[in-house]
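Report on the structure given below.
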Amino acid sequence: MTDLFAPATRAETPSDAAERQIPRGLFRFAGAALTAFPVLFAAGMVFSPPQTEEGGAGYIASLAADPAASILSANLLHYSWVALALGVMGLIGLVGRRGRIWVSLAAVLVAFGSVQMSGLLLSDWFLIAAGNTLEMEQALALDGAAKELSVVGWLISAQVFTILGIPALTLGLARARVVSWWIAPLPLLAFIVPMFNLGALAALAFVPLMAPVVLAGLKLLRGAADR
């Protein structure tokens with residue numbers, strides 16, 4: 001039976017990069033951060049309070065209804081993006097000449113998008129407070145006033161660089177023979193599945209759909225241990 005997680009040929013590992021004098025601890029740190037990313041994100045989505053009404057008012061109401069769960073969810077989601085931003089550059093150490101430019105550019109874009117996504121989550125803390133201290137009309141007005149043009153640009157670029165950047169990165173890893181082509185496109189589905197309102201099931205599916213990211217992180221950890 002074909003192993004879908006196995007690349008067609010042997011890829012360069014972190015141990016092959018010893019000549020480049022990359023510290024082993026950096027590989028270990030990057031690998032741990034990458035494997036933690038989907039777990040933290042999935043946990044953040046599981047603890048996210050359900051939104052019973054559509055639109056901004058429904059979102060604010062859901063956050064304000066359970067502040068403890070909302071704060072836990074926001075923290076987990078924030079640190080998931082921090083973990084990705086800290087770990088993704090380590091993937092460059094997994095590739096040789098084949099796919100190096102592709103992976104390097106994609107890693108930079110994903111790291112930038114991850115930093116932006118983590119910062120955007122700060123708004124959840126303000127919306128929790130607004131939903132519990134202001135009338136809904138006032139809370140909506142405050143939320144709308146905060147979303148001026150530069151924030152909208154911040155949001156759009158964060159989404160583009162992560163939602164499209166992660167699949168682009170994993171396809172680059174497939175080209176570099178770090179992961180199999182069979183699993184490389186899965187991260188794109190990770191951001192499509194939640195659109196079908198599957199609740200906790202969509203959150204739990206995030207981890208297996210990030211299989212190429214997890215596999216690359218494990219390879220960084222394994223390579224660091226072998227060095």
Among the residues of segment 191-208, write down those that are under 20 Å from Ala32 (Cβ atoms) and of a type outside the set (Phe, Trp, Tyr). Val207, Pro208
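If you go through segment 211-219 one residue at a time, do you hit one that is under 25 Å from Ser62 (Cβ atoms) and either part of a helix (DSSP H, G or I) or over 13 Å from the mean Cα position of the chain (by Cα) (or both)?
Looking through segment 211-219, none of the residues is under 25 Å from Ser62 (Cβ atoms) and either part of a helix (DSSP H, G or I) or over 13 Å from the mean Cα position of the chain (by Cα) (or both).
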Among Val151, Val178, which is surrounded by 13 or more Cβ atoms within 10 Å (Cβ to Cβ), more than 16 Å from the chain's Cα centre (by Cα) and of a type in the set (A, V, I, L, M)? Val178
Checking Leu198 against (1) part of a helix (DSSP H, G or I); (2) within 27 Å of Pro49 (Cα to Cα), which single condition isn't satisfied? (1)
If Asp143 meets every condition in (1) farther than 22 Å from Ala61 by Cα; (2) in contact (Cβ under 8 Å) with a residue 40 or more places away in the chain; (3) touching a Gly at 6+ places or on another chain (Cβ under 9 Å); (4) not basic (Lys, Arg) apart from one, which number is that one? (1)
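May I ask you to verify whether Leu155 is closer than 23 Å to Leu105 by Cα and modelled with pLDDT of 95 or more?
no
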Before we move on, is Ala205 in a helix (DSSP H, G or I), out of contact with any Phe, Trp or Tyr (no Cβ under 8 Å at 6 or more places or on another chain), among the small types (Gly, Ala, Ser) and closer than 20 Å to Leu40 by Cβ? yes
So which pairs qualify, if the first residue must be in segment 33-53 and over 18 Å from Leu91 (Cβ atoms), the second must be β-branched (Val, Ile, Thr), the Cβ gap must be under 6 Å, and the two must be at least 6 apart or on different chains? Ala42/Val207
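Kindly evaluate Thr35 against the criterion of being within 30 Å of Gly223 (Cα to Cα) and hydroxyl-bearing (Ser, Thr, Tyr).
Against the criterion (within 30 Å of Gly223 (Cα to Cα) and hydroxyl-bearing (Ser, Thr, Tyr)), Thr35 qualifies.
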Sort through Ala202, Ala141, Ala158, Ala130 and tell me the only one that's surrounded by fewer than 17 Cβ atoms within 10 Å (Cβ to Cβ) and closer than 25 Å to Pro67 by Cβ. Ala141
From the options Val95, Val103, residue that is under 20 Å from the mean Cα position of the chain (by Cα) and crowded, with 23+ Cβ neighbours inside 10 Å: Val103
When only residues in segment 106-126 that are in contact with a Gly (Cβ under 7 Å, 6 or more places away or on another chain) and over 20 Å from Met45 (Cβ atoms) count, which is surrounded by the most Cβ atoms within 10 Å (Cβ to Cβ)? Ala106
Which residue pairs have Cβ atoms under 7 Å apart, sit 6 or more places apart or on different chains, and have a first residue in segment 105-128 that is among the charged types (D, E, K, R) and a second that is in a helix (DSSP H, G or I) and buried (at least 22 other Cβ atoms within 10 Å of the Cβ)? Asp124/Leu63
Leading residue by the ranking (farthest from His78 (Cα to Cα)) among those in segment 172-181 that are in contact with a Phe, Trp or Tyr (Cβ under 8 Å, 6 or more places away or on another chain) and hydrophobic (A, V, I, L, M, F, W, C): Ala176
Can you tell me how many residues in segment 66-77 are touching a residue at least 24 places away in the same chain (Cβ under 8 Å) and surrounded by fewer than 19 Cβ atoms within 10 Å (Cβ to Cβ)? 4
Exactly one of Thr170, Thr162 is closer than 22 Å to Leu121 by Cβ, at pLDDT 90 or above, polar (S, T, N, Q) and part of a helix (DSSP H, G or I), and that one is Thr162
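The values are calculated or read from the model by the stated rules, or taken from the named source; none is laboratory data. Predicted model, so just to flag it, every value in this text is computed and none were measured. Here Cβ is always computed from backbone atoms with ideal geometry, including for glycine, and neighbour counts include all displayed protein chains.
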